[in-house]
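A quick write-up on the structure given underneath.
Only the coordinates and a few stated rules stand behind these numbers; no lab work does. Small disclaimer: the values here were computed from a predicted structure and weren't measured. We place every Cβ from the backbone using ideal geometry, glycine too, and count neighbours over all the protein chains shown.
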Amino acid sequence: MPLDTTAPGLDALLLATVLEMELSPRDHQVAGKRYQLIPEFLQRPTGRMRFHLETALVYPQGSRAIGATIVHGAEDDRFDLDAILEFGTPFGWTPRKVLDELHEAFQGFPDVRKIERCTRCIQLQFAFMHLDVTPMDPAKAPRAERVGDIYHSPDDGPDARFAVNPYGFGGWFRRRVSMPTIVFRNQVSDLRARLQIKDRLVSGTVMMAAEIDELPEPIDPIRDAPQVIALKLMKRYLNLRYANRDMRRPVSIYLSKIAVEVPPSAFGVCAQLEAFAQELDRRMAIALETGRRPEERNPVFLEENFNDRWPKSDHEMRVFRTDLQHLLAELAKARSSELADIRKIFDGLFGEKVSEQAVRSYIDSLPTIAAPGAYERGKGFVATPALLAPTATKAAEVSRAPAHHFHPGRLKR
């Protein structure tokens, strides 16, 4: 996947923008330590649930499992880390009881500022991040790997259980994604080094190890796959669009499934994002025309509907379509705009803090001898900046990413 030769500056700025949303290596380390501390903390001698967790498993789900973690953008650079805590439901416990007991069991977790008992998970809130821990009751054997029920217990309404397989979806996503070429990976790596992404997390006392699944390596090349880059940009855009709305946004796992089903574009980063937005818009249009909700099933566990809580009405789909069409119109405008105007467009799409840093990095990377006429109105940047120069391809050929990097592990007794 090359950068678009008809608009290399636009593609470079989009790429710089998505890289500015990433976590620093140190952020990954601190977040990983907090993740790893879950079993150690719950199994401490004074832990109220320690006797129920002797055969439990802890493993990542969501964006962290597929290389798509970004800072939120509308919430002071916060980001999420999602984990599944799999253990058998104690005899006689309702979904409400499981969530209530787990909420109490997490009290006193190191460095935590607030603990919230949500509808389906326990949320541990730290400075600049939160950790969502979703308890899951494993299905009875024989079962597909890590299939089970998650608990649903809202403030208003009855308890429920939903059969899911987030682990299986993560593996499917990683098998399905089209990995970037070595040349493109080198271009991204060079730009990432130039950006010097700042640390967002402050290290605390969380330095304990645990015998559990390791998080996927943050340097995994899947994070630079074209579909994943488009997914990150779309998530950031929607975060900002929905920040002040009193309605649920499209769920991330639904966006992830569609993103990886859009073929990689041969025309660059902007074209990939445009194709993703167009496919989502097409699906919403069909749903509205037919009157059928856009149910999206887990490809490895068809019983699971990713859109079980969204959309609730046609109005939510129309709002989403309006957002997608706005994104496409702004990207089309950026294709024929000057640098200053592109910056303003990106401020509106992805947030001023990100795009301002991205523009500065882009400008700094331009050759000092660049001709004044490097930009032509209506054609974009016709001179290739230094960061787009072909890089050496002596690195070993990259093979398709494995299904996952985490393996079963048990809590310590």
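Quick one: if the Förster radius is 35 Å, what FRET efficiency do SER24 and GLU104 give, using the C-beta to C-beta distance and rounding to 0.05?
Values: r = 34 Å, r/R0 = 0.96.
FRET efficiency, SER24 to GLU104: 0.55.
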Among DSSP beta bridges lying fully in segment 17-164, give the percent that are antiparallel, nearest 5.
75 percent
For a protection proxy built on the mean count of beta-carbon atoms within 10 angstrom, sort 353-359, 338-344 highest first, please.
353-359, 338-344
Considering only C-alpha atoms, what is the centroid distance from segment 119-165 to segment 248-296, in Å?
26 Å
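Quick one: of LYS140/LYS232; LYS235/LYS312; LYS33/LYS232; LYS33/LYS257; LYS232/LYS333, which pairs are farther than 31 Å apart, Cα to Cα?
On the way: LYS140/LYS232 36 Å; LYS235/LYS312 20 Å; LYS33/LYS232 24 Å; LYS33/LYS257 28 Å; LYS232/LYS333 21 Å.
Listed pairs above 31 Å: LYS140/LYS232.
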How many angstrom lie between the C-alpha centres of segment 5-81 and segment 301-334?
24 Å
